[in-house]
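Working notes for the structure below.
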Amino acid sequence: MEFGAQVGCYRNKWDDIADVARRLDAGRWSSIWFADHYLPPPGRKEEEHLTAHEGFTVAAAVAAMTEKLRIGHLVLGNTYRNPALAAKMAATVDHISHGRFTFSIGAAWFKREHEAYGWDFPSMQERQDRLEEACQLVRSLFRSTEPVTFAGKYYQIDDAPLSPGSFAQPIPIMVGGTGPKRTLRTLARYGDIFNLDGWAGGPMTREYMDHKWSILTKHCEDAGRDPNEIRKTVLMPTLLSDDKAAVAAMIKGRRLGEGSAIGEKNFIIDRIGEIIDTGVQEIMFGGIETTQPDEFSRFEEEVLSVFD
């Protein structure tokens, strides 16, 4: 079983992020994940002046300073970069890390930062169309040893080489979201990693996981793919605390429920055991404060060590 950490890029300093990355790399953790926003989410006007580190730049820096952690985002917003540019950046980070990068991408949702930085914010249907086209283009670049030509409705490249390309194996693609009609179909066609996001508020039960996986399996059948080629992961919001007021505040403030692991040590350990029983291959934990690096070490010693 592998464990990862979603490390915050907001309301903190680079030195905090670097400290946490070093601790994770030296410990039991397998991966580190960053978000991709230009204003601190969820988008409170009074917080727009607070720090929001650019996610791809952070990933490159962490790639250079670590040795074993896999590195990725949860997730990149497709609307922020031309996908061919994003593929070029991904391949560079993959070489910096010697093959430890995962390309994770979603349709994007944060309307306010599009307004702030002058980017178009298309309809949900168009964003899904763009995401599917981007994943097709990027997968072609990651897996081709020859220049790629792509003529889509939204994106075009002409005899474009990806050099350097993937460091060793093709860079894996995670498609963010579990929408049954479009997102899971895009994952089945062009992705390699499924991720059930506990921040979205859905239950993280065997029944729910099996339901989503059955939809993905049907899309894989339609696409002529073996669903076993796709890695099954979950992102779990967490807070390791005996403080009932703090636990209640986190759950209520973010509308979190069965998709989370928030509470005292034994409760979190039991929740992790339940998730492992669903057949997932990796659990990423989000919510541990980057400004408190010792909390990552405490979580590792009190919780992750049980699963050695």
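Tabulated results
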{"item": "Within the chain, helix-based [θ] at 222 nm, where runs of 4 or more DSSP H residues each add -39,500 (n - 2.57), nearest 500", "result": "-12500 deg cm²/dmol"}
{"item": "Ascending count of other beta-carbon atoms within 10 Å, so fewest first, for 135, 9", "result": "135, 9"}
{"item": "Flagged links, alpha-carbon separation over 21 Å, of 181/212; 88/181; 111/232; 244/265", "result": "88/181; 111/232"}
{"item": "Cα long-axis angle, helix 293-302 against the chain (0 to 90 degrees, to the nearest 10)", "result": "70"}
{"item": "Cubic angstrom per residue, convex hull over Cα atoms of the stretch 2-307", "result": "128"}
{"item": "145, 233, 217 arranged by Cβ crowding within 10 Å, fewest neighbours leading", "result": "145, 217, 233"}
{"item": "Rounded to 10°, Cα long-axis angle of helix 55-65 versus longest principal axis of the chain", "result": "70"}
{"item": "Cα-only radius of gyration and Dmax that characterise the stretch 150-308, units Å", "result": "18.6, 59"}
{"item": "Ranked 69, 50, criterion: other C-beta atoms within 10 Å, fewest first", "result": "50, 69"}
{"item": "Qualifying chymotrypsin sites (Phe, Trp or Tyr not before Pro) for the stretch 32-84 [loop in DSSP, other Cβ within 10 Å: at most 10]", "result": "none"}
{"item": "Between helix 14-26 and the chain: long-axis angle, C-alpha atoms, 0 to 90°, nearest 10", "result": "80"}
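Each reported figure results from applying straightforward, stated rules to the coordinates on display, with no laboratory input. From a predicted model like this one, the values you see are computed outputs, not experimental measurements. When we count neighbours, we look across all protein chains shown, and the Cβ atoms used for this are built from the backbone with ideal geometry, even at glycine.
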